[in-house]
């Protein structure tokens with residue numbers, strides 16, 4: 001374990017199942033964050049969920065007692081904005097399927113939400129989705145405009161008796177209607193981790209991706225060349241992890257155990 005962490009300079013932390021569960025902060029999380037600081041390891045909180053903005057996540061984490069800042073949050077929306085700036089720098093008008101808070105974040109970054117003469121279509125986790133906007137977005141996609149999905153998730157996890165239709169499922173309808181598929185960002189696509197690496201001026205192999213899901217968190221780390229750390233405090237079991245190909249680099253019970261390992265790595 002210590003050998004795998006020796007070159008890590010930044011920990012990218014999934015949220016639900018890793019830092020907290022539902023609305024409850026794990027009892028070991030604050031101590032773990034302190035240990036990261038003692039080991040000289042930075043951290044970023046990462047989520048695919050684009051129904052909330054970066055500022056929403058800051059407020060949520062602070063409400064749980066974590067003194068988070070906007071600079072420590074990176075979402076699939078941030079990865080999308082980075083992609084637009086790097087790959088499509090001339091685009092300023094987008095047809096956006098997303099919540100008001102997501103639209104506000106894009107607006108703060110200089111993008112105008114426009115369904116009449118857009119230059120690209122961006123699809124997120126839109127809990128306010130309306131049929132007219134869905135059809136209008138499909139029209140512009142059918143006309144050949146750049147088509148971008150913030151993340152691939154088909155559903156958003158919930159403990160309520162419902163299915164939360166997420167970005168990937170919305171795109172499935174658009175794909176069927178238009179015959180096109182989007183550029184997909186978010187976990188497990190490596191662009192999202194590469195964006196964090198650029199932001200902090202490090203290589204992806206100096207990052208530990210820490211999460212509770214094999215097909216998003218662990219797969220992202222493998223694809224981006226980062227250290228993969230699976231915590232057993234969320235979705236995946238040890239048996240599932242050991243059968244996964246390729247398996248995680250590290251498997252720990254929870255991030256509290258990982259914090260101890262980082263301190264030990266620092267001392268070697």
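Where a number appears in this text, it was derived from the coordinates with a stated rule and is not lab data. Being a predicted model, the structure only gives us computed values, none of them experimental. FYI the Cβ positions are ideal-geometry reconstructions off the backbone, even for glycines, and counts take in every protein chain you see.
Express in whole angstrom the spacing between the alpha-carbon centres of segment 178-213 and segment 239-256.
Measuring centre to centre over Cα atoms gives 19 Å.
Just to confirm the number: angle between the C-alpha axis of helix 76-87 and the first principal axis of the chain, 0 to 90 degrees, nearest 10?
So the helix axis and the longest Cα principal axis differ by about 70 degrees.
Work out how much length residue 23 to residue 215 would gain on full extension: take 0.36 nm times their residue separation and subtract the Cα-Cα distance, in nm to one decimal. Provide the component values of the computation, followed by the final result.
Numbers: separation 192, 0.36 × 192 = 69.12 nm, distance 2.33 nm.
Result: 66.8 nm gained on full extension.
So if I take the centroid of the Cα atoms in segment 129-158 and the same for segment 77-96, what is the distance between those two points in Å?
15
Can you tell me which of 160, 34, 239 moves the most in a GNM of the chain? Springs connect C-alpha atoms under 10 Å apart.
160
Stokes-Einstein D for segment 85-184 at 25 °C, 0.890 mPa s, Kirkwood Rh over Cα pairs, in µm²/s? Provide the component values of the computation, followed by the final result.
On the way: Rh = 13.7 Å.
Stokes-Einstein gives a translational diffusion coefficient of 179 µm²/s.
To the nearest 10 degrees, how steeply does helix 191-200 sit against the main Cα axis of the chain, on a 0 to 90 scale?
That helix lies at roughly 60 degrees to the long axis.
Please report 83, 215 as a ranked list, fewest other C-beta atoms within 10 angstrom at the top and most at the bottom.
On the way: 83 20, 215 13.
The most exposed by this proxy come first: 215, 83.
How long is the chain along each principal axis, judged by its Cα atoms, biggest number first, in Å?
Extents along the principal axes, in whole Å: 59, 39, 36.
With labels modelled as points extended 7 Å from the Cα through the Cβ direction, what inter-label distance (nm, one decimal) is found for residue 205 paired with residue 154?
3.5
Note down the relative contact order for the chain as a percent, whole number, built from C-alpha pairs under 8 angstrom at least six residues apart.
Numbers: 509 pairs, mean separation 62.4, N = 268.
This gives 23 percent for the chain.
Can you bin segment 128-212 into rounded, prolate or oblate? Criterion: square roots of the alpha carbon gyration tensor eigenvalues sorted a ≥ b ≥ c, rounded for a/c under 1.5, prolate for a/b above b/c, oblate for the rest.
Taking the square roots of the gyration eigenvalues as a ≥ b ≥ c, segment 128-212 is oblate.
With label points built 7 Å along Cα→Cβ from the Cα atoms of residue 6 and residue 239, find their separation and express it in nm.
Once both label points are built, they end up 3.5 nm from each other.
Please identify, among 201, 17, 40, the residue showing maximal mean-square fluctuation in a Gaussian network model of the chain using a 10 angstrom Cα cutoff.
Judging by the Gaussian network model, the answer is 201.
Using the alpha-carbon centroid of each, what span in Å lies between segment 1-57 and segment 112-126?
Result: 31 Å between the Cα centres.
Among rounded, prolate and oblate, which fits segment 65-139 when a ≥ b ≥ c are the square roots of the eigenvalues of its C-alpha gyration tensor, a/c under 1.5 means rounded, and a/b larger than b/c means prolate?
Values: a/c = 2.51, a/b = 1.44, b/c = 1.74.
Cα axes put segment 65-139 in the oblate bin.
Of 159, 126, how do they rank once you tally other Cβ atoms within 10 Å and put the fewest first? It would help to have the intermediate numbers written out before the result.
Values: 159 7, 126 23.
So the residues, fewest neighbours to most, are 159, 126.
Using alpha carbons only, how many degrees (0 to 90, rounded to 10) separate the axis of helix 29-38 from the longest principal axis of the chain?
70
For segment 13-143, evaluate the Debye formula with one uniform point scatterer on each Cα (no solvent term) and list log10 I(q)/I(0) at q = 0.10, 0.16, 0.21 Å⁻¹, rounded to two decimals.
Normalising to I(0) and taking log10 leaves -0.40, -0.83, -1.18.
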